[in-house]
1. Please report, largest first and rounded to whole Å, the three semi-axes of the ellipsoid equivalent to region 32-110, where each semi-axis is the square root of five times an eigenvalue of the C-alpha gyration tensor.
2. Just to be sure I follow: if Rg is taken over the C-alpha atoms of the chain and Rh is the Kirkwood radius over the same atoms, what is Rg/Rh?
3. How do Ile100, Ile142, Ile15 rank when sorted from fewest to most other Cβ atoms within 10 Å of their own Cβ?
4. Enumerate by residue number the trypsin sites (Lys or Arg not before Pro) in region 59-113 meeting two conditions: DSSP loop (anything except H, G, I, E, B), and at most 15 other Cβ atoms within 10 Å of the site's Cβ.
5. Using a cut-off of 16 Å between alpha-carbon atoms, which lysines can reach Lys6, once sequence neighbours fewer than 8 places away in the same chain are excluded?
6. Mean residue ellipticity at 222 nm from the helices of the chain, using -39,500 (n - 2.57) per DSSP H segment of n ≥ 4 over the full residue count, to the nearest 500 deg cm²/dmol?
7. Tell me, what ³J(HN,Hα) does each residue in region 4-16 have, in order and in whole Hz, if you take phi through Karplus 6.51 cos²θ - 1.76 cosθ + 1.60 with θ = phi - 60° and put x for Gly and Pro?
8. Please compute the modelled spin-label separation between Asn45 and Glu98, points set 7 Å along Cα→Cβ, answer in nm with one decimal.
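Nothing in this text is a laboratory measurement; each read-out follows from the coordinates by a stated rule. Nothing here was measured: the structure is a model prediction, and the numbers come from that model. Note that each Cβ is placed from the backbone with ideal geometry, even for glycine, and that neighbours are counted across all protein chains shown.
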Amino acid sequence: MKVVGKQSNSRMCIICGMENPIGLHAQFYNMEDGSVMTPFSYTENHQSFPQRVHGGLAASMLDELGLRALWAKGDESVFGVTMSLEVKYRRPVPYGEELIGRGILEKETSKFATVKAGIYDKAGNLLAEATVKYIKMDVGQIAENADPHEEMCYLLRDEVREIAWCGKAD
């Protein structure tokens, strides 16, 4: 699937923070179908049991894909917080393998958004999925004295123009 844009990364987020020593350093791409995708890998540091990623960390990626799906429209000034995250674990999520995260906006109003998110293996098998419900909020309501331009300070240019996608479109 073709990439049409790239999103910024933060400094310390566990999912996308480029300065977080145990983070995933995931990079997010706006796709031609309006979704957001990220090729990423968990490490052994993210395990719950040998060969498996902790379910909370899988849920964290799904949660991140929720906001990122809003940004897939090209406006990274929209922020919010998760109101609910309904996760279904379909198969064990492995570490040490490239995975694909995908989120797509299902419904949006001026104040709320609902996103479907999934984590897939390279063969396109759905490993975990979520429905994420967000309430849009001003950054000042989320964190006192927070500057999104200071935190979301990395826009890493690369040559990614397409992401192999074998999964079923939501």
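1. 26, 14, 10
2. Values: Rg = 15.0 Å, Rh = 16.0 Å.
Answer for the chain: 0.94.
3. Values: Ile100 20, Ile142 12, Ile15 23.
Starting with the residue having the fewest Cβ neighbours, the order is Ile142, Ile100, Ile15.
4. Lys73, Arg90, Lys111
5. Lys73
6. Working: 3 runs with 25 residues, N = 170.
The helix contribution divided over the chain gives -4000 deg cm²/dmol.
7. Computed from phi, the couplings for region 4-16 are 10, x, 10, 9, 6, 10, 8, 7, 10, 4, 5, 8, 10 Hz.
8. 2.2 nm
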